Amino acid sequence: MQTSREKLQSRRSFCLCCIGGAGAAALGWLTPRQAFAEARGIVSLIKDSAATSPIMTHRLRNNVSVLEGSGGNIAVLTGADGKVLVDGGIGVSRPQLIKALDALGGEPITHLINTHWHFDHTDGNEWLHAAGARIIAHQNTKKHLSEIQRVEDWDYNFLPPPSGAIPSEVITNARELKLNGMSIALKYYGPAHTDGDLSVAFAEANIFHAGDTFWNGIYPFIDYSTGGSIDGTIAACDATLAATNNDTIIIPGHGKPVSNKAELKEFRDMLAAIRDNVAKLKSAGKTRDEAVDARPTAAFDAKWGQFVIDPGFFTRIVYQGV
Ligand SMILES: [Zn+2]
């Protein structure tokens, strides 16, 4: 039997050799990015909601704000050096994002940091680069954005974006920037939600963007197809808890955008409890579907199961990694 990794490899190499366009179209299965978005549940849900959602601006402190409503939560630092964005949202919400960014000040957008490669954090790269942003990311994020990606759990292929949308500066472990009088620390988590997750800490403001290693109040997606895992996600939560204090404003990738250590700790403990429940079922010989039927998330569903990742989906995600 083929493992999903082998399937992924064979599909990816197949995709790459026919990606010329005409050949792919003639084969009838590799359709353009937009067509997939029309067809596919989670992706289209996120995209459609971004196209129509207003952007909510939450002003935090020390010229740092968070913009909510275009895919992942976007942090913005303003100042004389130009606007620094953490994540670029979804391209379709560009008009609303421009309005929200203009309201924060007249300076140009000069820097964009991608916390990881997922489209709801990088789909805006192209227009933000055209607007003047240098794009910085982990080297694995650049690698994934440079080639076709298949997310098995989403049943979705992402075509590589135009070259301007590819990060031009990569980091392997850590980097510190000094912009607008702020020390901005970028740090690689190691494999967690994907294999390219960065945290971004604004030191003087005591604000910390955790990317998609933290979904505030909702079950998270974890992308095994590009190196994520449940254990890596729990380890990332521990790293964030160790790097922050009770006054730190923690920005999650998804969910209520202004958070803190107590909420992150609750998220981490939820992950660990469900991980243990699912691991017990798996080691007792239950299949994935039997594990879902046993409802190992039941105690948490009322609070955490209200977004796109439902209890059954989250159980399958955890089952894969224990
Ligand atoms: Zn993500």
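The values are calculated or read from the model by the stated rules, or taken from the named source; none is laboratory data. Please read these numbers as outputs of a predicted model, since none were measured by experiment. Every residue, glycine among them, receives a Cβ derived from its backbone with ideal geometry; neighbour counts consider all protein chains shown. Accessible surface areas use protein heavy atoms only, side chains included; no ligands, DNA or RNA. Shrake-Rupley method; radii C 1.70, N 1.55, O 1.52, S 1.80 Å.
Among the residues of the range 291-300, not a single one is charged (D, E, K, R), at pLDDT 95 or above, under 21 Å from the mean Cα position of the chain (by Cα) and open to solvent by 20 Å² or more (accessible area, probe 1.4 Å).
Restricting the search to helices (runs of 4 or more DSSP H) fully inside the range 47-152 and requiring at least 2 residues that are surrounded by 20 or more Cβ atoms within 10 Å (Cβ to Cβ) and away from the ligand (no atom under 15 Å from the Cβ) gives 94-103, 125-130. Can I250 be described as in contact (Cβ under 8 Å) with a residue 40 or more places away in the chain and in contact with a Leu (Cβ under 8 Å, 6 or more places away or on another chain)? So I250 fits the description; yes.
If the condition is being in contact (Cβ under 8 Å) with a residue 40 or more places away in the chain and either more than 20 Å from G232 (Cβ to Cβ) or of a type in the set (S, T, N, Q) (or both), then the range 264-299 contributes only T297.
Taken over the range 192-216, the criterion of being open to solvent by 20 Å² or more (accessible area, probe 1.4 Å), under 18 Å from T248 (Cβ atoms) and either out of contact with any Leu (no Cβ under 9 Å at 6 or more places or on another chain) or not in a strand (DSSP E or B) (or both) is satisfied by A203, E204, N206.
Scan the range 224-249 residue by residue and report those that are under 15 Å from the mean Cα position of the chain (by Cα) and either away from the ligand (no atom under 16 Å from the Cβ) or outside any loop (DSSP other than H, G, I, E, B) (or both). Show your work before the answer.
First pass over the range 224-249, keeping only residues under 15 Å from the mean Cα position of the chain (by Cα): 224-230, 232-233, 236-237.
Of everything in the range 224-249, those that are under 15 Å from the mean Cα position of the chain (by Cα) and either away from the ligand (no atom under 16 Å from the Cβ) or outside any loop (DSSP other than H, G, I, E, B) (or both) turn out to be Y224, S225, T226, I230, G232, T233, A236, C237.
Taking G164, is it surrounded by 24 or more Cβ atoms within 10 Å (Cβ to Cβ) and at negative phi? Quick ask: steps written out before the conclusion?
On the way: surrounded by 24 or more Cβ atoms within 10 Å (Cβ to Cβ): no; at negative phi: yes.
No, not satisfied.
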